[in-house]
Amino acid sequence: GEGKKTSLVAIRIRLLAAMGDLVSVNTLLNATPGRSSDPDLVRIETETRFLANDNARACSLAGGKIRDQSNLFWQKVFLFCQALAGEHEKASLGVSIMRETGVTDEIFFALIESLATGIPAKIENLPDPNSLSLAIARVAKAKLPADVITSNPPGVLRTIAISPNAPVEVRLEAAERAEAAGALPID
């Protein structure tokens, strides 16, 4: 029947990413012709790069997408990349515009601001983190709250387990759960 036009490769890569198998995601992405023209694949690769702490590559991918799409994900990625590049005034202007247009993501805004000021943001709650919020929190040296591990995606748990900005007990629980899901090798 009529369905969403998503390629089988994109579905497979998305499932591998959800399982936290970043090596297989990258292997399959590298073997996929025309991946840079498929918006689903570019987004998956960007999110995977953030989970792997490869912000430079994620930002290079985002640079091409912000011109093509005006969705909130790419806007946030672009602002983060501006802040990483030291363009704090531009990122701050982007945050102001987002606020004026009704976007309410105070954690994102606080993290972007902390990149400009150098003062780590205090995150009270982050029960369902995504790849972007984890990447920004890591760069901003913001301590992750304990509720960050209520999330279950193995890739996210893997990233939390190896994040230096998470408390040791949180990292340990995330590591155990990621390993049980096959996203983190025990060695």
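The values are calculated or read from the model by the stated rules, or taken from the named source; none is laboratory data. Please read these numbers as outputs of a predicted model, since none were measured by experiment. Side chains are part of the model used for accessible areas, which takes the heavy atoms of the whole protein and leaves out ligands, DNA and RNA. Shrake-Rupley method; radii C 1.70, N 1.55, O 1.52, S 1.80 Å.
Quick look at the numbers
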| read-out | value |
| --- | --- |
| Surface share of carbon and sulfur [accessible, 1.4 angstrom probe, percent] for the stretch 1-138 | 54 percent |
| Of Lys76/Lys143; Lys65/Lys122; Lys76/Lys122, pairs whose Cα-Cα distance is over 22 Å | Lys65/Lys122 |
| Residue-span extension gain [Ile11 to Asp105] - 0.36 nm each, minus C-alpha spacing | 31.0 nm |
| Accessible surface of Thr159 - all protein chains present, 1.4 Å probe, nearest 10 Å² | 10 Å² |
| Estimated 222 nm signal from helices in the chain, with DSSP H stretches of n ≥ 4 weighted -39500 (n - 2.57), rounded to 500 | -19000 deg cm²/dmol |
| Rounded accessible area of Phe80 (nearest 10 Å², 1.4 Å probe) | 0 Å² |
| 1.4 Å probe accessible area per residue over the chain, in Å² | 54 Å² |
